[in-house]
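Some notes on the structure that comes next.
The values are calculated or read from the model by the stated rules, or taken from the named source; none is laboratory data. This structure is a prediction, so every number in the text was calculated from the model and none was measured. Every residue, glycine among them, receives a Cβ derived from its backbone with ideal geometry; neighbour counts consider all protein chains shown. Ligands, DNA and RNA are stripped out before the accessible areas are found, and what is left, the full protein with its side chains, is counted by its heavy atoms. Shrake-Rupley method; radii C 1.70, N 1.55, O 1.52, S 1.80 Å.
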Amino acid sequence: MDAVRRRVAWTAGAAAGCAASFAGFWAAQRGAHVSMIDLMVYRAEGATVRGGGDLYAIRATYARLPTTYPPFAALLFVPLTWLRVGAMRTAATAGNLLLLVALVTLSLRTAGRPRRVPRAAAVLAVAAVAVWCEPVWTTLRYGQVNLLLAVLVLWDLTRPAAHRWAGAGTGLAAGIKLTPALFAVLFAVAGLLALRRAARAEVRAWGAAYRRRALVAAGTFAGTVAVAACALPYDSRRFWTGVVLAPDRVGLGEDTANQSLRGVVARLQHTGDPGALWLTAAVLAGAAGLAVAVAALLAGDRLPYGAGWAAVSCALTALLVSPVSWSHHWVWAVPMLVLLGSEALRRRDPRWAVGTAAGCALFCSFALWDVPHGPGRHELRQSAPQMLLSAGYPLAAVAFLALAGTVAVRALYTTPTRSVSTADGVRLLPGPGAGPGGEPAVGSMIEPTAAPTVEPTAGPAIGPGAGLTGGPGRGPARGPGPGPAGGPGTGSVRPAGANPRHPAGSS
């Protein structure tokens, strides 16, 4: 009974804190007179579709912003025209706050947390803090769709692979905005490599799950293109033959808000057209980042929470190589920091804690706006310290990818462990390469000094065949039989301030 009361008290306290934080956030945004300018652009797109106008000829709001998303997105924006502006703004803010809670929930799931506190309490506590980080603040300030896209992708990744529609969320997100399409490439590459490297039956099952996800994602994306082509043939032809190939249409490449490699190189070269240097950097970063994400998937159960490592690595790679990645696109900082924090707790290594704290400070500091920017193209005259400050998000992404690559490669060369059923649950045992005394071999990801935590699986399993890195997928384990970790058992084994100087808006 005492344990129940503690759980209720923790959840109630977290709920009260989250409500207070969200209320303060909402009041701060209203006090700052946020424009929600991108939401107004979406509304204009919906109105253009209803009126039969030229979607890619409009210039919406006082900032004369163009349409940049695929035509399928404009079809989804039509319902915005059914509401008054004030009601639309309120609904968009409330919806984005709910999406933030969903994003935190999925982020904690991919990181294997929480373990000792109620899940609802952990979700609400993290969301109360995450709402104040710069990408989330700016997403709500502009009324953007970034949280929706991240939730669609992470929700897709945590679904059982046996589900016939696994991959559909990724394809739908790519139909709204193109960058999530890189996840379909990740599934396809991982599936093909798993097929070539197959030595065990479960590896072949993983590969089949990846390939199926890639096909469903590609099919769903193709469906969005077909729907838009039928409803908006002229706009579809114009987008896919011209607009999609014009990155400058979105905005100035050197803008401080552009936190992609293209923005970094443009500011470094003091030019709005970085040209070949950016293309070379983007190709190299794309190949390296995709390789890291694939390695995290192929490591399987040798890399704890490999699905989380792969998902964040793929998302950050997409943000780096995109011609324009505005700061509000970086809501993937939330799952990244949740994963790093979880690893800091699991490893009990102060270096991980310091890295997590540094990431939180970066994304919550709004430091990238403390440089000359705005009308007048001040970014073309930035000094070296200013360029470094305005490159914070890409540098953090590169550091994360280097770290993810290191842990993924180490896991690939770690002797797999096996699990056995015991009277008190499931235990991990060392594989054939175990060290003396039955301890895991050198380099094993399983720490011999701490007993693994056994948790019943209540939701979708995270892993290949289930989520992305477990055994062959039949969904969550319920009772004796193969569990999410690929071995016998009944559960899963998891080792132990608005800125007034910001440009008017972006898309």
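Couple of notes before you dig in:
- Rolling a 1.4 angstrom probe over the protein heavy atoms with all chains in place gives region 101-249 an accessible area of 39 Å² per residue.
- Highest average packing first - 258-265, 51-58, 107-114, Cβ atoms within 10 Å: 258-265, 107-114, 51-58
- Percent accessible area from carbon and sulfur atoms, region 59-142, protein chains only, probe 1.4 Å: 66 percent
- Inter-part distance where region 72-105 and region 256-295 are each reduced to a Cα centre, Å: 31 Å
- Accessible-area composition of region 248-323, carbon plus sulfur, in percent [1.4 Å probe]: 71 percent
- For region 107-121, the Karplus equation 6.51 cos²θ - 1.76 cosθ + 1.60, evaluated at θ = phi - 60°, returns couplings of 5, 5, 5, 5, 9, x, 10, x, 10, 10, 10, x, 4, 4, 5 Hz by residue, with Gly and Pro reported as x.
- Scanning residues 5 or more positions from W326 or on other chains, those with amide H under 5 Å from its amide H are Q259, with H placed 1.01 Å from N in the peptide plane.
- Carbon plus sulfur fraction of accessible area for region 1-51, probe 1.4 Å, in percent: 64 percent
- Rounded accessible area per residue of region 6-92, 1.4 Å, Å²: 48 Å²
- Derived scalar couplings ³J(HN,Hα) [region 285-301; Karplus, 6.51 cos²θ - 1.76 cosθ + 1.60; whole Hz; x for Gly, Pro]: 5, x, 5, 5, x, 5, 5, 5, 4, 5, 4, 5, 6, 5, 5, x, 6
- Our coupling estimate for region 125-141, obtained by passing each phi through the Karplus curve with A = 6.51, B = -1.76, C = 1.60 and θ = phi - 60°, is 5, 5, 5, 4, 8, 4, 5, 9, 6, 4, x, 6, 3, 6, 4, 6, 4 Hz, Gly and Pro reported as x.
- Over region 129-238, the Kirkwood radius and the radius of gyration, each from Cα atoms, give a ratio Rg/Rh of 1.08.
- Taking amide hydrogens as placed 1.01 Å from N in the peptide plane, the amide H of T271 sits under 5 Å from that of no residue at least 5 positions away in sequence or on another chain.
- Extent along the principal axes, Cα only, for region 92-180: 36, 34, 18 Å, with the longest axis given first.
- Amide H contacts of A60 (H built 1.01 Å from N, in plane; Pro and chain starts excluded): L65 sit under 5 Å, all sequence-distant by 5 or more or on other chains.
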